[in-house]
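Asks: Just dropping this structure here.
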Amino acid sequence: MDLNLPVAHEAAIGLTEPSVSKAFVKITGGKPLHGTVTPDGAKNSALIQLAAMPLVEDTWVKIDNLPGITDVDVSIEMLRECGLTCKREKNAVTVIGNAKKYAFSEENGSRIRSSIAFLGSVLSRFGRVRLPLPGGDAIGDRPIDIHLDVLRAFQIDARVENGCVVAEARKFPLEGAEIFLRYPSVLATVNAILLAVKATGKTVIVNAAKEPEIIDLASLLSKMGAHVIGAGTERIIVRGVERLNGAEYQVMPDRLETGALLMAIVMSGGSGKITGTIPEHVLPLVHTLRDCGVDIQIDDATIEIKSVQLNKGFQISTAPYPGFATDLQPIITPLALVAPGESAITDTVFPERFGHVSELRKFGADIKRNGNTIWVHGLEPLSGCEVAGGDIRSVVCLINTALSVGTETKVFGVEHLLRGHARFVDKLKSLEAQIDYSSAL
Ligand code: EPU
């Protein structure tokens, strides 16, 4: 696997780059987890904030609370590729100077999904861009038609050529535009905002994504002097400014890691606290857990699981925020294996996001699938096995399932886990899980 592992990860898992694809997580579950744990900074917020950095001109921006994950490393490499100086220190990066290049190599650009958000910042800076089509998780078809429509609304000619998006503005500096997103795509909303912040006049974005990551981006841009109103609602208004200034910013806590840690405790039948989080960002998960018999309490920044006494299955259907997050769909699925009765899970956002299902069957799970819905019959006996996750959330799903099983499980797909979670195995160890990295080498 072509993985550019940062030194921190090599040290954390005791493996070097060529051996990471042979690595697995070894878990013996069946023992309740206990303790307190804190999620890292939000991956998807960090990635779009880094993608905004080509907007920096003759100043510096410091972004703190970045998670130590490979997708962040790739994003920083892309910033260096476009000529910006990036100084890293612990969980922070300071981005200094001026972007000089508008074309990106395939090596970095095609490895992550959020690279598509470099369209907005680089076009805003140069009026042109050449960017490899994005990569990222294998969770079904991920077209970019809405992104290209956003570009066209700003009078930017855009086409796909040799696997790259090639785009050039007909008028530069850009002029504000009226944007209607036919679906509230998160990264297309990001691109619309990034194109608008320095465009002349007013931009109105209708049917915008309302995800917390959009609010976090708008807060960073506002600190940099941008005028963004309405982030977190379906109508965002941006008034362009000539220049942006320097700023320091802390990425918000990761709501998806919060969900992953909550589910780890629940699957083990344990108790514990997630601190330093924003409970409001995971309310659909909290309410589903409560309905199924988890005694769970929330206050401003803490979620506490007091006890787990599952008494029924559940039905969920994913939707854009504030609905049930698609990223938490593979993460809540293991609950259906250990809750009595039938559960039904539908993914309307990514209808093909069911790569974890065939792996769950190896544990003994009884799951039927029809299109974008699965039906799970709970309380089938589960046993440890060898499984592989093909994307970040699937790996978490499999690890958390293993925490409910008294015999040993090996979960492959470590390279995906490292893309999205910093020290996830250490976090579970701190909750007393019997878990470690190992290698098939
Ligand atoms: N879509 C289109 N055309 C487009 C763009 C999107 O049809 O041009 C469709 C997608 O195929 C999908 C739906 O719109 O069916 C929603 O996709 P969206 O564009 O909102 O997803 P994204 O912005 O590419 C981000 C996150 C994903 C998360 C989704 C939905 C990042 C880097 N990625 O992707 O995160 O699942 O929003 O919330 O922010 C993850 O973290 O594991 C992950 C996949």
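The values are calculated or read from the model by the stated rules, or taken from the named source; none is laboratory data. These figures come from a predicted structure and were not determined experimentally. Here the Cβ positions follow ideal geometry from the backbone for every residue, glycine too, while neighbour counts run over all protein chains shown.
Asks: Out of (1) within 21 Å of V238 (Cα to Cα); (2) in contact with a Lys or Arg (Cβ under 7 Å, 6 or more places away or on another chain); (3) hydrophobic (A, V, I, L, M, F, W, C); (4) within 15 Å of the ligand (Cβ to nearest atom), the odd one out for L181 is which?
Replies: All conditions pass for L181, except number (2).
Asks: Continuing with this model, one more query. Please determine whether any residue of the range 313-326 is under 24 Å from the mean Cα position of the chain (by Cα) and over 23 Å from N44 (Cβ atoms).
Replies: Checked against the condition, which is being under 24 Å from the mean Cα position of the chain (by Cα) and over 23 Å from N44 (Cβ atoms), the range 313-326 yields at least one hit.
Asks: Count, please, the residues in the range 388-431 that happen to be in contact with a helix residue (DSSP H, G or I) (Cβ under 9 Å, 6 or more places away or on another chain) and more than 23 Å from A46 (Cα to Cα). First the steps, then the outcome.
Replies: Looking only at the range 388-431, we keep the residues that are in contact with a helix residue (DSSP H, G or I) (Cβ under 9 Å, 6 or more places away or on another chain), and these are 388-405, 408-428, 431.
If we keep only those that are more than 23 Å from A46 (Cα to Cα) as well, we get 388-389, 398-405, 408-412, 431.
Matching residues across the range 388-431 total 16.
Asks: Right, next: Hey, any hits in the range 99-110 for a residue that's buried (at least 23 other Cβ atoms within 10 Å of the Cβ), within 16 Å of the ligand (Cβ to nearest atom) and within 23 Å of the chain's Cα centre (by Cα)?
Replies: Yes.
Asks: Filter the range 213-241 down to residues that are touching a Ser or Thr at 6+ places or on another chain (Cβ under 9 Å) and assigned to a loop (DSSP other than H, G, I, E, B) and give me whichever is nearest to N91 (Cα to Cα).
Replies: The qualifying residue nearest to N91 (Cα to Cα) is M224.
Asks: Residues A192, A264, A177, A247: which one is touching a helix residue (DSSP H, G or I) at 6+ places or on another chain (Cβ under 7 Å) and either under 30 Å from L379 (Cα atoms) or among the basic types (K, R) (or both)?
Replies: Exactly one of A192, A264, A177, A247 is touching a helix residue (DSSP H, G or I) at 6+ places or on another chain (Cβ under 7 Å) and either under 30 Å from L379 (Cα atoms) or among the basic types (K, R) (or both), namely A264.
Asks: Could I ask something else about it? Got a number for residues in the range 184-205 being away from the ligand (no atom under 16 Å from the Cβ), in a loop (DSSP other than H, G, I, E, B) and within 29 Å of the chain's Cα centre (by Cα)?
Replies: 3
Asks: Let me ask another. Looking at this structure, is E352 surrounded by fewer than 18 Cβ atoms within 10 Å (Cβ to Cβ) and under 26 Å from the mean Cα position of the chain (by Cα)?
Replies: Yes: the conditions hold for E352.
Asks: Can you work out which of the residues in the range 150-178 that are more than 16 Å from the ligand (Cβ to nearest atom), modelled with pLDDT of 95 or more and of a type in the set (G, A, S) is surrounded by the fewest Cβ atoms within 10 Å (Cβ to Cβ)?
Replies: Only one residue fits best here, namely G176.
Asks: Determine the pairs where a residue that is closer than 10 Å to G313 by Cα and not assigned by TED's automatic domain parsing to the domain that holds L328, located within the range 283-294, has a partner that is among the charged types (D, E, K, R) and at pLDDT 95 or above with Cβ atoms under 7 Å apart, the partner being 6 or more residues away or on another chain.
Replies: So the pair list comes out empty.
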